[in-house]
Amino acid sequence: MQGAYHKHSLMAESLGAQSIEVRTSEDLAKINGLIIPGGESTVMSKLLTRNRLIEPLRRRALEGMPVFGTCAGMILLAKEVDNFNLPIPGLMDISVHRNAYGRQLESFEAAFTVKGIGEEPVTGIFIRAPKITGYGAGVEVLAEYEDVPVLVRENNFLASSFHPELTGDPRIHALFLSMIS
Amino acid sequence: MTDKVWSSKQESTWKTKVGLAEMLKGGVIMDVVTPEHAKIAEDAGAAAVMALERVPADIRVAGGVARMSDPDMITGIQKVVSIPVMAKCRIGHFVEAQILEALEVDFIDESEVLTPADDRFHVNKRVFKVPFVCGCRDLGEALRRIGEGAAMIRTKGEAGTGDIIEAVRHMRTLQDDMRRIRNLPEEELMTVAKEMGAPYELILEVAQTGKLPVPNFSAGGVATPADAALMMHLGAESVFVGSGIFKSGDPAKRAQAIVQAVTYYNDPKKLAEISRNLGEAMTGIGITQLKESDKLAGRGW
């Protein structure tokens, strides 16, 4: 709806997947997996609410459709978000603090290892990024940076504080696509 | 985890600068002059706000020299919204840019809407940690600004008029320039670079990819949801709206409608719904009524 959707499409398609931009409940019915991109969480929440997409999205997700949220997308997936009272799908047992890594001047890149995709570290691009401040027992931490989780998985949901779509490294997207098939 | 390995942070890299511009795609960036306006914009679904002392339409009326905003006003706006806050500096005025960086704004617009401070040179944007957006009317101007370090480009349009024709002209010219060089043999590209006054390496890149190396937004003259949707069709990846919102009869409603129009620009039925009952649009000034010397888009070198 808003944000870095184009870069995600390019990445998914480079891995052989087909992608469409989802803006309506009809679009939602066509897909087997959903990426909620980075962007502004306030904007996405408002667009989802105004266009009555929260319930259809929740329904498909609870039926088992894999969903990957990056940055603002992760905020939309979290059950608990501090200082934020707009409606969101809220599907994962994680607590998230918005813009906790700071303003744009504090945006950064850093490398870290990710469980299950090989030893070669990935470069995480963090842009006004949200921080995971807590998570439930069912949540698996796949990567940490400075002792804070930055990539987590719970059942059919995957969420990251950083932006794998902005790098040339397709491994995180490949991991998500493997959750779909 | 057993093998926690991580590197140190590299802040304000080119990827984080262009990355923030990527995050603003499909969104609307709104000019605001007070914290109250900023809140209305955020509530309406703005992806970012541009903090300035007067919207372009009022700058035209007031005349005189238009400068960077009072830091107090920018800080006031940063306090009330969680979305990115942008602010404008004068063309070439690198000290205004340094002040805006010290205020930790999220993006600086080196803008023709303010009175230029330098009649030959723009700010060297590479040395700043904060990303910059700059205006352009064609590909050469866009690539000169990217060469100087701009992480986002917006076509200029004619700010403060509510007349979309210049925004359309600049976007079409830019797209046309890119299509043209895409089809040229490589040996002709150096001469094209010379004629356009653009860095050769960037010309090569555009010839290969067919698009700008940074996100390309549209600005200057958007007054209605249909205007915003038009610019998205022509290749804008996001839309700046200046005077169009807060110079209209019902800013909150119009702001919300323009946000919806950018998302559903390709859905005429939805656009018809979105465009209903928005109250008075800004009166505007037809571009033909404007004296050549009153046009802002010619500023920038």
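I'm told B:Val214 meets every condition in (1) within 30 Å of B:Gly147 (Cα to Cα); (2) assigned to a helix (DSSP H, G or I); (3) within 14 Å of chain A (Cβ to nearest Cβ); (4) of a type in the set (A, V, I, L, M) except one. Can you identify the failing condition by its number?
(2)
Would you mind stating whether B:Gly149 is in contact with a helix residue (DSSP H, G or I) (Cβ under 7 Å, 6 or more places away or on another chain) and open to solvent by 10 Å² or more (accessible area, probe 1.4 Å)?
Here the answer is no, as B:Gly149 does not meet what is asked.
How many residues, within the range B:99-156, are within 14 Å of chain A (Cβ to nearest Cβ), part of a loop (DSSP other than H, G, I, E, B) and not aromatic (Phe, Trp, Tyr)?
8
Given the residues B:Asp31, B:Asp43, B:Asp58, which is the only one that is touching a residue at least 24 places away in the same chain (Cβ under 8 Å), assigned to a strand (DSSP E or B) and within 30 Å of B:Leu230 (Cβ to Cβ)?
Exactly one of B:Asp31, B:Asp43, B:Asp58 is touching a residue at least 24 places away in the same chain (Cβ under 8 Å), assigned to a strand (DSSP E or B) and within 30 Å of B:Leu230 (Cβ to Cβ), namely B:Asp31.
Only one residue in A:Ala143, A:Ala111 is touching a residue at least 12 places away in the same chain (Cβ under 8 Å), open to solvent by less than 20 Å² (accessible area, probe 1.4 Å), within 9 Å of chain B (Cβ to nearest Cβ) and in a strand (DSSP E or B), so which one is that?
Exactly one residue qualifies, and that residue is A:Ala143.
Going by the conditions given, is B:Ile59 within 29 Å of B:Glu141 (Cβ to Cβ), surrounded by fewer than 20 Cβ atoms within 10 Å (Cβ to Cβ), among the aliphatic types (A, V, I, L, M) and more than 12 Å from every other protein chain (Cβ to nearest Cβ)?
In short, no.
Out of the residues in the range B:1-15 that are within 7 Å of another protein chain (Cβ to nearest Cβ) and in contact (Cβ under 8 Å) with a residue 40 or more places away in the chain, state the one that is surrounded by the fewest Cβ atoms within 10 Å (Cβ to Cβ).
Filtering first and then ranking leaves B:Glu11.
Of the residues that sit in the range B:152-168 and are of a type in the set (D, E, K, R) and out of contact with any strand residue (DSSP E or B) (no Cβ under 9 Å at 6 or more places or on another chain), which one is surrounded by the most Cβ atoms within 10 Å (Cβ to Cβ)?
My answer is B:Glu158.
Here are B:Val65, B:Val18: which of them is in a helix (DSSP H, G or I) and either open to solvent by 10 Å² or more (accessible area, probe 1.4 Å) or within 11 Å of chain A (Cβ to nearest Cβ) (or both)?
B:Val18
Anything in the range A:20-56 that is more than 13 Å from every other protein chain (Cβ to nearest Cβ), over 14 Å from the mean Cα position of the chain (by Cα) and either under 18 Å from A:Val96 (Cβ atoms) or among the acidic types (Asp, Glu) (or both)? List them, or say none.
A:Ile54, A:Glu55 - these are the residues of the range A:20-56 that are more than 13 Å from every other protein chain (Cβ to nearest Cβ), over 14 Å from the mean Cα position of the chain (by Cα) and either under 18 Å from A:Val96 (Cβ atoms) or among the acidic types (Asp, Glu) (or both).
Suppose we keep only residues that are closer than 18 Å to B:Gly19 by Cβ and out of contact with any helix residue (DSSP H, G or I) (no Cβ under 7 Å at 6 or more places or on another chain) within the range A:156-181. Which one would you say is surrounded by the fewest Cβ atoms within 10 Å (Cβ to Cβ)?
A:Gly168
The values are calculated or read from the model by the stated rules, or taken from the named source; none is laboratory data. Every value quoted in this text rests on a predicted model; they were computed, and no experiment measured them. In this analysis, Cβ positions are derived from the backbone assuming ideal geometry, glycine residues included, and neighbour counts consider all displayed protein chains. Heavy atoms of the whole protein, side chains included, go into the accessibility calculation; ligands, DNA and RNA do not. Shrake-Rupley method; radii C 1.70, N 1.55, O 1.52, S 1.80 Å.
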